[in-house]
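Here the structure comes first, spelled out in C-alpha cells, and everything after it is commentary.
Quick note: the coordinates plus some simple rules give every number you see, no bench work behind them. Remember, predicted model here, so these are calculated numbers, not experimental data. Positions of Cβ are backbone-derived with ideal geometry, glycine not excepted, and every protein chain shown enters the neighbour counts.
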Amino acid sequence: MARPPLSREEFLQEFGPTLHYAPPGGFRTVDDDAALVDTHCCFCGQQCGIRLKVKDNAVVGFEPRYEFPFNKGKLCPKGIKRYLQGSHPDRLLHPMRRTPDGYERVTWDEALSETVSKIREIQAKYGKDSFAMLSGVSLTNEKSYLVGKFARVALQTANLDYNGRLCMVSAGAGNKKAYGIDRASNAWDDIPRAKVIFAIGTNIAECFPITTDYIWRARDAGARLIYADPRMVPMARTADLFLPLRIGSDSALLMGMLHVIIRDGLTDEAFIQAHTVGFDDVRAAVSHATPEWAAEITGVPAEKIELAARWYGEAETGFILHARGLEHQTKGVENVMSCANLALATGKIGREGCGHSTITGQGNGQGGREHGHKCDQLPGNRDITNPEHRRYICDVWGLPEEELPGKGLTAQEILNAIHAGEIKGLLSICFNPLVSLPDANFNREALNKLEHYSVIDFFLSETAEHADIVLPGSLHEEDEGTSTSGEGRVIKINAPVTPPGEARRDWEILLDIAQRLGRGRYFQYGSTQEIFNELRLASRGGTADYSGITWEKVVNNQGVFWPCPQVTERGNTTMHIEELDSVHPGTPRLFEGGQFYFPDGRARFNVVKWRESAEVVDDEYPVWFTTGRVVSQYLSGTQTRRIGPLVDQFPHPKLELHPRLARQLGIQTDDWVTVTSRRGQVTIQANVVNTIRPDTVFMAYHWGGRQSANLLTQRALDPISKIPEFKVSTCQVRLATPEEIVEGENARRLSAVTEKNLPAGYGLNARRQELRR
Ligand code: SF4
C-alpha cells in the first residue's frame, strides 16, 4: 500500500520544504565570468522572457531580458526569485525505493526494473487500464507530446490525464464550442487597443502580473475597465465599474448583460448574419434575463449590470478576459460560452482591439492542452474518439490502429477510480494532486490504496511522499524544448545546466521505461528536437497545427503563434517535415475576416440556461467558500514554498472575511478560526478585509497538509470539461478552540524548515551537497 513511510516531521527534515535564500556561492556584486542564457520563467502561463546567469553548471542569478516582446524585461516576484530553485538543498539527486523506515538509495537500474515489473504485474492481473498516468503542464511541448504517446503506446493504458484539467479545460471546451479552436483569440498586443476591457473571475494583478501592464496601457489610451469578481482584487480596486457578484452566479450576470445589449440594439447584426450560427436561440434564451432578474441572483445592482452592458456594447472595440474564477465551476464551460455569446453578439472578435481570451494559468498550460496528454485527445488537438484522427496519428507513430487505447478517465476520475479499487498502479510526473485536487482527505485515502506508485519529479511533493519508487527528473533549466504561452506564442526553453547528481532528463527516463516495456521501437529519439519534429508532423492538419514551426524560426522571431501550418512558396507540400522550413508567419490574431474554425467558417452561439452550483449555502453551512492564488506563490507550491523570499512575502494561508461577517462571528484579524465544510476542516488565522463580499470567505490554496484549502473543496465536476468546482463550496466559520489552535500552530511549524536551522553535517542534505559536487 502506498502509504507515506515517514511522519510529517521526518519528511520535513529529510526532504523539506527547506527555505532557500541564496544561490550557490552566495550573492556577488560582480559576476563577470557568469554566462548569460536567454530562456523563460518556469512558472505561470505568461512565460516571461528571462536571462539566467550561469556559473559552474549552476544557475546563480538573472538579468532582465528586455528584447523579449511580451514582458520587455519586467518580471513578477516569482520570476525574480525563480533562480533560487536551482541547486536547492531539497533537490532529488538519486533514485529511491520506499522501505518501512523511509527511503533507501537505489540504482537507476533497480528503480526502473521495479517500476516496470510492477506495471507488468498489475496490468497482467487487472488489465491494461488498471495502471494510470498523471502528468503536468510545467512540461515542455515535447515532453507533453511524449507523455501522451508513452501512456498510449508504452503503458498501453487509456487512463492518462494532466493537471491542466484543474486549470484551463473549461475555457478550452467553451472555446471549441464557440469558435472551433482552443486558443487565446489574440496576441496580448491587441489589449492596449481596446476601448473597453471586461475582466471577470480573474485576479490579474496577482496571478498574471505582466498582463497588468497591457491593461494600464489600454487605460492610458482612454479604455474603461469593468471588473466582476466576488473579491475586490487589487486590479478591481482601480476599475471604472466593479461588479461584486456572488460566487457561482457568473452566467446569470452575463445573460443579464446580453439581454440589455439585445434590448438596446447594441448587437452587430451584420457580423451576426455573416459569421455566426444560432443567435435566434440565444436571443430567446436571454429574453427573460432582465437586469433585475440577474441582480436577484448575482447580488449586483441592476443599474450596474445595465451600465456594464452598455459600456461593453457601445464601445467600438473591446476585450473580455477571464480565468479560473469563472472556469473552476461545475458551470465553467457554460460561463465561457456566455462570454463568447457577448463577444459574438457585438462583433468584438477577430479584429484589432477586439478579443475574448482565458488567461492561461500554468506554465505550458496552452501547449500542454494541445499535444495529447489529455485523456480524450491526440496531438494537434485531435479527438481520440474520431476514427480519422486516430488513423492519422497511428500512421505517424507506426502503430496498429487497434492498439491505440480509447478515451480514458480525467484527473479527478482517476483518483476516484483508485479510491474505488479500479485503478491499482500509478506513474506520475510533475503533478501534486494531494494539494491541487479537491477533497484532499479523499485523495489521500485513494493514494494509500495504490498497489504501486512511481513518481518522476525534482522535489518530493506531498503526493510523491506516497511513492514506492522515486525517479529524480529535470528542472526547467536542465532540459531544452518549446513551450506555448497563454497568448498562443510558441517559445524556446533553453537548458544552460545539466541535471545534478544522478538526476536525469524526464524524456530520457520515459524512453528508458518504454524500452524496458518492450516498446522501445516507437521511441527512437536522440534529442528533444527530434521529438519536436515528430510533434510537428503529428499536429499537421489538426487545429493546433505546429507543422510550420521550427526551433530556428521560434528563436529568430522571439516566438511563433500557432496555427502555423507547413506552407511553402509552392503551396502545401507532402514532403517530409524535417526537410522544409515554412513561409507561414504564424497567427497572432485568430478569426480575422470573421473566419472561425468550423467547416462552414461560422462561429457558434451556444444557449446557456441559468442553474445553481453543485453546493449552495444552507442553515448548516451558511457561508460561501472560495479559493485562489497569492502573488508570491504558484499553484501547489512544490517549487515556490521552497524559495525563502517568496514564503516570507506570504508565509501561511489566512482566511479572508468581511468586517460585517467578522462582527457577526466575533472574529478579529489574527484570531485563529476553524473553517468546516462537508469534506473537512482547517484552522488558520483570520484576515478581516473590506475587499470581499460579506457572504463569502476566501483562502489561498498553495499549501498542503492541515493548511490545505482543498480539505474543504468538493469533487463535483463540470459535465463537459470535468474541471472540479474549486471556486464554489460552502462552510461554517467560528473561533477555534484552544486544542485546534495548537493543531493550527503545529501545521504551520511543519510547513517548512529554514536551511540555517539544519544541524551541521545534517544527514541527507550533506549527502546531497556531496553529490552535487
Ligand atoms: S510567474 Fe508568470 S508573470 Fe511572474 S515572471 Fe513568471 S511568467 Fe512572468
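Pull out a ≥ b ≥ c, the square roots of the eigenvalues of the alpha-carbon gyration tensor of region 86-127, then state rounded if a/c is under 1.5, prolate if not and a/b is larger than b/c, and oblate in the remaining case. Here region 86-127 falls in the prolate category. Peptide packing for 354-366, 401-413 was compared via the average number of neighbouring C-beta atoms within 10 Å per residue; ordered from the highest value, the list is 354-366, 401-413. Calculated [222 nm] ellipticity per residue, helices only, for the chain: -8500 deg cm²/dmol; basis is -39500 (n - 2.57) per DSSP H run with n ≥ 4, divided by all residues, nearest 500. When each of the peptides 724-734, 553-563 is scored by how many other beta carbons lie within 10 Å of its residues on average, the order from highest to lowest is 724-734, 553-563. Each residue of region 33-87 gets 67 Å³ once the volume of the Cα convex hull is shared out per residue. To make sure I understand the rule: partners must be aspartates and glutamates, Cα under 16 Å from the Cα of residue 195, and not fewer than 8 residues away in the same chain. Which ones qualify? Cα-Cα hits under 16 Å: 213, 220, 240, 314, 316, 352.
Amide H contacts under 5 Å for residue 224: 196, 197, restricted to partners 5 or more places along the chain or on a different chain, H placed in the peptide plane at 1.01 Å from N.
For region 435-505, the ratio of Cα radius of gyration to the globular rule of thumb 2.2 N^0.38 Å stands at 1.43.
Remark: for residue pairs 72/492; 177/492; 331/449; 55/374, the C-alpha separation exceeds 28 Å in 177/492; 331/449; 55/374. For region 185-359, the alpha carbon convex hull comes to 99 Å³ per residue, rounded to a whole number. Legend: calculated FRET efficiency, residue 6 to residue 732, from the Cβ-Cβ distance at R0 = 22 Å, rounded to 0.05, equals 0.10. Taking GluC sites (Glu not before Pro) across region 574-656, the ones in a DSSP loop with at most 11 further Cβ atoms lying within 10 angstrom of their Cβ are 620. Residue separation of residue 284 and residue 213 scaled by 0.36 nm, minus their Cα-Cα distance, works out to 21.7 nm of gained length. Each residue, residue 669 and residue 522, gets one label point 7 Å from its Cα in the Cβ direction; the gap between the two is 5.7 nm. Ordering of 100-111, 596-607, 288-299 by packing is 288-299, 596-607, 100-111, highest average first (other Cβ atoms within 10 Å, averaged per residue). Here is what passes the span test in the chain: the DSSP H helices with alpha carbon length of 24 Å or more along the helix axis and a Kyte-Doolittle mean of -1.0 or above are 108-126. Mind listing P(r) for the chain? All alpha-carbon pairs, 10 Å bins, whole percents. Histogramming the chain at 10 Å steps yields 3, 14, 25, 27, 20, 9, 2, 0 percent. Take the Cα of residue 649, go 7 Å toward its beta carbon, and the backbone nitrogen atoms of region 74-93 under 18 Å from that spot belong to 74-86.
Is region 623-757 rounded, prolate or oblate when judged by the Cα gyration tensor, a ≥ b ≥ c being the square roots of its eigenvalues, rounded requiring a/c under 1.5 and prolate requiring a/b larger than b/c? In terms of gyration-tensor shape, oblate.
Modelled this way, with points 7 Å down the Cα-to-C-beta line, the labels at residue 110 and residue 609 are 6.1 nm from one another.
Set against the 2.2 N^0.38 Å expectation for a compact globular protein, region 284-360 has a Cα radius of gyration ratio of 1.14. On the basis of the beta-carbon distance and an R0 of 22 Å, residue 494 and residue 583 show a calculated FRET efficiency of 0.30. In a simple Cβ point-charge model (Lys, Arg +1; Asp, Glu -1; nothing else charged), the chain has a dipole of about 380 debye relative to its Cα centre.
For the pair region 367-423 / region 1-46, the C-alpha centres are spaced 34 Å from each other.
Go ahead and collect, in residue order, the members of region 4-35 whose backbone nitrogen is under 18 Å from a label point 7 Å along the Cα-Cβ direction of residue 101. Inside the label zone: 4-15. In this simple spin-label model, placing a label point 7 Å from the Cα along the Cα-to-Cβ direction at both residue 57 and residue 449 gives a separation of 4.4 nm. Only aspartates and glutamates eight or more places from residue 424 in sequence, or on another chain, were considered; those with a Cα closer than 15 Å are 121, 129, 413, 445, 451, 468.
Compared with the alpha-carbon gap, the fully stretched path from residue 263 to residue 678 is longer by 145.1 nm at 0.36 nm per residue. Pop the C-beta distance of residue 273 and residue 568 into the FRET formula with R0 = 35 Å and round what comes out to the nearest 0.05. Rounded to the nearest 0.05, the efficiency is 0.45. Cross-link reach is defined here as a Cα-Cα straight distance under 12 Å, omitting same-chain residues fewer than 8 places apart; for residue 553 the aspartates and glutamates meeting it are 581.
Quick check: from the Cα gyration tensor, does region 65-190 come out rounded (a/c under 1.5), prolate or oblate? In terms of gyration-tensor shape, oblate.
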